[in-house]
Amino acid sequence: MQIDNIDEIEKFVEEMNYFFTNIERTNSDLKNQLRTKELEQDDLLHEIELSKLNAFELTKVATRLQKTRKERREIKDKLEFIATIKGFSDKYTNKLITGDLINLLKNIRRLRENWNTRIYKTRVLEDLKISKMKETIQQKGEEKDVNS
């Protein structure tokens, strides 16, 4: 693993967190969509069964039924795919992994911030240019103490 790709690693961890936290919601949403399509299908079948439809009306209802059945099939295919993924994610999904992923993201972001604001404070050689940075930092710290 190359550390040069910290942005990619951070994005990957975010996507892992999204995966583990949203798989159950996606499954639930798809099941709700499936129930709705099945109810639509029942409505259309009852329309055919109980209404006195002419040929044009019957064709129109049959076309809607066909469309509803295709949409239902697409949802069932997605549910089948989600079930396969859930088989994997259920082994690892718990509050620990999502909590660990969130902590990992925080740590990566904290490291990046530390790297971007890193300043060396000289200990002995006060004549170096970097020593002036040390004095500036101390002055800012004292100003914060006074203002607090």
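The values are calculated or read from the model by the stated rules, or taken from the named source; none is laboratory data. In this text the structure is predicted, and so the values were computed from the model without any measurement. So basically every Cβ, Gly included, is an ideal-geometry build from the backbone, and we count neighbours across all protein chains shown. Note: areas computed on protein heavy atoms with side chains; ligands, DNA, RNA excluded. Shrake-Rupley method; radii C 1.70, N 1.55, O 1.52, S 1.80 Å.
Residues in segment 9-66 that are in contact with a Ser or Thr (Cβ under 8 Å, 6 or more places away or on another chain), under 30 Å from L111 (Cα atoms) and not hydrophobic (A, V, I, L, M, F, W, C): how many?
2
Could you check segment 94-117 and list, in sequence order, the residues that are of a type in the set (S, T, Y) and either open to solvent by less than 50 Å² (accessible area, probe 1.4 Å) or assigned to a helix (DSSP H, G or I) (or both)?
T98
Could you list all residues from segment 49-75 that are open to solvent by 100 Å² or more (accessible area, probe 1.4 Å) and within 12 Å of K37 (Cβ to Cβ)?
Once the filter is applied, which keeps residues that are open to solvent by 100 Å² or more (accessible area, probe 1.4 Å) and within 12 Å of K37 (Cβ to Cβ), segment 49-75 yields R64, K67, R69, K70, R73, E74.
Would you be able to say whether some residue in segment 28-41 is in a helix (DSSP H, G or I), under 23 Å from the mean Cα position of the chain (by Cα) and exposed (fewer than 12 other Cβ atoms within 10 Å of the Cβ)?
yes
Of these, E143, E126, E80, which one is part of a helix (DSSP H, G or I), modelled with pLDDT under 90 and open to solvent by 80 Å² or more (accessible area, probe 1.4 Å)?
Every option except E143 fails the conditions.
Please give the number of the condition E47 fails out of (1) part of a helix (DSSP H, G or I); (2) closer than 30 Å to I9 by Cβ; (3) touching a helix residue (DSSP H, G or I) at 6+ places or on another chain (Cβ under 7 Å).
Against the list (1) part of a helix (DSSP H, G or I); (2) closer than 30 Å to I9 by Cβ; (3) touching a helix residue (DSSP H, G or I) at 6+ places or on another chain (Cβ under 7 Å), E47 comes up short only on (2).
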